[in-house]
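Here's the structure we're looking at; comments come further down.
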Amino acid sequence: MFCLSEMEDTVRVPPDLLKLPLEVAIKKVLQKLLLNKVLSIGLCVTIYDIKSAEGGFVLPGDGPATYKVRFRIVVFRPFVGEVIAARFKESDSNGLRLTLGFFEDIYVPAPLIPRPNRCEPDPYNRSQMRWVWIFEEQEYIIDHSCQQINFRVENISYPPVPTEQAEDAKPFAPMVITGTIDDDGLGPVSWWEGCSERNNEDDDT
């Protein structure tokens, strides 16, 4: 899910950052350039460290100092078929939205929620819908009470950057993950805790 990748780039450090220690200044520039950006290797989560910085020359008539920098970044790069633990973010009639904290564009569409199910108004939040899985006459609710939700990655897409965006539009998502919870062991972990206990009892007998 995460990997450490080494990169090399030319970094221009503006004059107002030159009073800082060089590594700190370069990190600030790299964070602005790369943080939460999708690269060919995945989504940049953080700048891990600076391996080297050479140069520091200033072009005539120019303010920033230019460095040739080797650095490492932490990249979020899930793969199709991977099972990831997430938390509930929100839900509507289209399905669920999950979050990892640093990444929130994970969607479980309605067809990938276990059936039979139903979607109903959330009695604790009327502006939101909630999903209920019905199994052996028991109802299993999917909402904020679910501490952990395991999902399997079904698809990863990289939407093109919009040239124009309405003021009330949702923030642009450079990477979107589609997941499923329709399989054994997937969904809220609370669904399967009782099952594990019963299996252990059966093993003891």
* Residues in segment 66-83 that are out of contact with any Lys or Arg (no Cβ under 8 Å at 6 or more places or on another chain), farther than 30 Å from Val24 by Cβ and not aromatic (Phe, Trp, Tyr): how many? -> 2
* To do: Any chance you could count how many residues in segment 95-112 are within 21 Å of Ser145 (Cβ to Cβ) and out of contact with any Ser or Thr (no Cβ under 8 Å at 6 or more places or on another chain)?
  => 7
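Can you say whether Arg126 is modelled with pLDDT under 90 and over 22 Å from Phe79 (Cβ atoms), as far as the supplied structure shows?
Numbers: modelled with pLDDT under 90: yes; over 22 Å from Phe79 (Cβ atoms): yes.
Taking the combined requirement at face value, the residue satisfies it.
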* Asked: In this structure, is Ile149 closer than 11 Å to Gly187 by Cα and without any contact (Cβ under 8 Å) to a residue 40 or more places away in the chain?
  -> no
* Restricted to segment 24-37, and to residues that are surrounded by 15 or more Cβ atoms within 10 Å (Cβ to Cβ) and β-branched (Val, Ile, Thr), which residue is farthest from Arg70 (Cα to Cα)? -> Val29
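Listed residues Glu104, Glu137, Glu120; which is charged (D, E, K, R) and closer than 24 Å to Met175 by Cβ?
Values: Glu137 fails: closer than 24 Å to Met175 by Cβ; Glu120 fails: closer than 24 Å to Met175 by Cβ.
Step by step, each of Glu104, Glu137, Glu120 is checked, and only Glu104 is charged (D, E, K, R) and closer than 24 Å to Met175 by Cβ.
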* Asked: Could you count how many residues in segment 93-130 are surrounded by 15 or more Cβ atoms within 10 Å (Cβ to Cβ) and assigned to a strand (DSSP E or B)?
  -> 13
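Out of curiosity, is Gly56 of a type in the set (Gly, Ala, Ser), more than 25 Å from the chain's Cα centre (by Cα) and outside any strand (DSSP E or B)? Spell out the reasoning first.
On the way: of a type in the set (Gly, Ala, Ser): yes; more than 25 Å from the chain's Cα centre (by Cα): yes; outside any strand (DSSP E or B): no.
Here the answer is no, as Gly56 does not meet what is asked.
Quick one: is Ala169 at pLDDT 95 or above and of a type in the set (Gly, Ala, Ser)? Break it down into steps so the answer makes sense when it comes.
Numbers: at pLDDT 95 or above: no; of a type in the set (Gly, Ala, Ser): yes.
No, not satisfied.
Scan segment 125-141 residue by residue and report those that are without any contact (Cβ under 8 Å) to a residue 12 or more places away in the chain and out of contact with any strand residue (DSSP E or B) (no Cβ under 7 Å at 6 or more places or on another chain). Full working, then the answer.
Applying the first criterion (without any contact (Cβ under 8 Å) to a residue 12 or more places away in the chain) to segment 125-141 yields 125-127, 136-139, 141.
Residues satisfying the conditions are Asn125, Arg126, Ser127, Glu136, Glu137, Gln138.
Residue by residue through segment 20-40, note down the ones that are in a loop (DSSP other than H, G, I, E, B) and touching a helix residue (DSSP H, G or I) at 6+ places or on another chain (Cβ under 8 Å). Write out each step before concluding.
The initial filter retains those residues of segment 20-40 that are in a loop (DSSP other than H, G, I, E, B), namely 20-21, 35-37, 40.
The one that is in a loop (DSSP other than H, G, I, E, B) and touching a helix residue (DSSP H, G or I) at 6+ places or on another chain (Cβ under 8 Å): Leu20.
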* Structure fact -> The lone condition Leu112 fails out of (1) closer than 20 Å to Asp183 by Cα; (2) under 17 Å from the mean Cα position of the chain (by Cα) is (2)
* Qualifying positions in segment 64-92 - in contact with a helix residue (DSSP H, G or I) (Cβ under 8 Å, 6 or more places away or on another chain) and part of a loop (DSSP other than H, G, I, E, B) -> Pro64
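Being under 21 Å from Pro159 (Cα atoms), at pLDDT below 90 and surrounded by 14 or more Cβ atoms within 10 Å (Cβ to Cβ) is the filter here; which residues of segment 38-76 pass it?
Selection gives Val38, Leu39, Gly42.
The values are calculated or read from the model by the stated rules, or taken from the named source; none is laboratory data. From a predicted model like this one, the values you see are computed outputs, not experimental measurements. For neighbour counting, all protein chains shown are included, and Cβ atoms are generated from backbone atoms with ideal geometry for every residue, glycine included.
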